[in-house]
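Student: Please find one structure pasted underneath; my questions will follow.
Just so it is clear, none of the values below were taken in a lab; they were calculated from the coordinates. In this text, all values refer to a predicted model and were calculated from it rather than measured experimentally.
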Amino acid sequence: MIDMKRKFKRQCFWLKKLGDKWKRPKGRQSKLRHEKKGRWAVPKVGYGRASKERGTVIFKSQQVMPVLIRNMKELGNVGKSEVAVIASSVGARKSLMIIAEAEKRGIKIINRKAKAAKKVAETKNEAEKK
């Protein structure tokens, strides 16, 4: 099973202000509404995942539930069958502290490489400036 969301193009995808949200095509002669050949996919019943699988991610060939971590206290909320995801709002210094604490507790973190790489890049930039 692949863990990815299906992307549906909107009929007026050239309008940047509308973003990625889906709106059903309602035009009288709309080729997308009539589902003509050569047009892209339209959301339908059956494209969703099974109710047991919703909200889960595949981590090292296991399906687990992610828990969002914003600070050190929230590491206690992570169970055995769950993995941690460090929030994007957490800075590099605190994320390294969270990673170190998670290693002590044996908690798996999904986005640890991205957070650690960001801190390494910042230290290299500081060293070059000096």
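Student: In Å, the Kirkwood hydrodynamic radius of segment 15-130 over pairs of distinct alpha carbons?
Tutor: About 18.2 Å, per the Kirkwood formula over Cα pairs.
Student: Another one. Which percent of Cα-Cα pairs in segment 1-72 sits in each 10 Å bin, short to long?
Tutor: Histogram of Cα-Cα distances, whole percents per bin: 15, 34, 27, 19, 5, 1.
Student: Something else now. Helix 92-105 against the longest principal axis of the chain: what's the angle in degrees, Cα atoms only, rounded to the nearest 10?
Tutor: 80 degrees
Student: Next question, about the same structure. Once phi is turned into θ = phi - 60°, what whole-Hz ³J(HN,Hα) does the Karplus curve with 6.51, -1.76 and 1.60 give for every residue of segment 30-37, x standing for Gly and Pro?
Tutor: Values per residue, Gly and Pro as x: 5, 5, 6, 5, 7, 6, 5, 4 Hz.
Student: Turning to a different aspect of this structure: Long-range amide H contacts for residue 67: which residues qualify at under 5 Å (H placed 1.01 Å from N, peptide plane, sequence gap of 5 or more or a different chain)?
Tutor: Long-range HN contacts for residue 67: 83, 84, 85.
Student: Show me, for segment 18-29, the HN-Hα J-couplings you get by feeding each phi into the Karplus relation (A = 6.51, B = -1.76, C = 1.60, θ = phi - 60°), rounded to Hz, glycine and proline as x.
Tutor: 7, x, 8, 5, 8, 10, 5, x, 10, x, 4, 10
Student: Okay, moving on. If one takes the longest principal axis of the Cα atoms in the chain, at what angle in degrees, from 0 to 90 and to the nearest 10, does the Cα axis of helix 112-129 lie?
Tutor: 70 degrees
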